[in-house]
Each structure stands twice: as structure tokens, then as C-alpha cells.
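Just below is one structure, and these are the notes that go with it.
The values are calculated or read from the model by the stated rules, or taken from the named source; none is laboratory data. Keep in mind that this is a model prediction, so the values were computed, not measured. Don't worry about glycine lacking a Cβ; one is built from the backbone with ideal geometry, like all the others, and counts go over all protein chains shown. We work out accessible area using only protein heavy atoms, side chains counted, and drop any ligands, DNA or RNA first. Shrake-Rupley method; radii C 1.70, N 1.55, O 1.52, S 1.80 Å.
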Amino acid sequence: MSLSEAMADKEPLWDRMVAEHGLRPTPFAQVSSWGFGDAVFSWNYDFLADGSKLRRAGFTEHIRAEAMFDGLFSQLRRDRIVP
């Protein structure tokens, strides 16, 4: 499945979601890089990521994914532009 192809006709949907939820107007072309997603998800081999090298280099702070998304969504709600 290609994200570029699947998302090609979704700009009207994005515009409706922005209007319906009072989100900051962001051009659909800036929402994501669908081609990059296609490249990442098209690997035909297993990928193992390990963050231990970063911690050994001194990057020890981290945030739980749930807390990160909660913060991002709260910021979006605070920054929303309502007509």
C-alpha cells in the first residue's frame, strides 16, 4: 500500500477536519511527507532500533509516548484558531 496514493485525494477531508475541530489552518501538503512514509514502510527486512547508545552518550531524558501525545494535543487545543 502506498501512502502517497492513499492520501492523494484526502485534502478536502483534511480541510473539513480543520474546520470542524477548530484546528490551526495547516496546508495539507505540510501535514506529512507521504513519500517518506512510503520509503520507511517499504523496507523488506526487519528493523531493530535500540536507544541504549544514546543513553550512553548522555541523552538520558525521555518521555512516555502517551504523555508526549497528550501534551501535543493539549497544545493544539490551546493554539487553535476559531473563526
If you rank GLU5, GLU11 by how much accessible surface each has, with a 1.4 Å probe, what is the order from largest down? GLU5, GLU11
What percent do you get for the relative contact order of the chain when only Cα pairs under 8 Å and 6+ apart count? 47
Take each uninterrupted DSSP H stretch in the chain, measure its Cα extent along the helix axis, and return the ones at 18 Å or beyond whose mean Kyte-Doolittle hydropathy is at least -1.0. 65-79
Give, rounded to the nearest 20 debye, the magnitude of the charge dipole that the chain has about its Cα centre when Lys and Arg contribute +1 at Cβ and Asp and Glu contribute -1 at Cβ. 440
Excluding ligands, DNA and RNA, the carbon-plus-sulfur percentage of the accessible area of the chain with a 1.4 Å probe reads 59
Per-residue ellipticity at 222 nm attributable to helices in the chain (runs of n ≥ 4 DSSP H, -39500 (n - 2.57) apiece, nearest 500 deg cm²/dmol) works out to -15000 deg cm²/dmol
Quick one: Debye curve from the C-alpha atoms of the chain, no solvent, what's log10 I(q)/I(0) at q = 0.11, 0.16, 0.21 Å⁻¹? -0.52, -0.94, -1.08
Using a probe radius of 1.4 Å on heavy atoms only, what accessible surface per residue do you get for the chain? Whole Å² is fine. 90
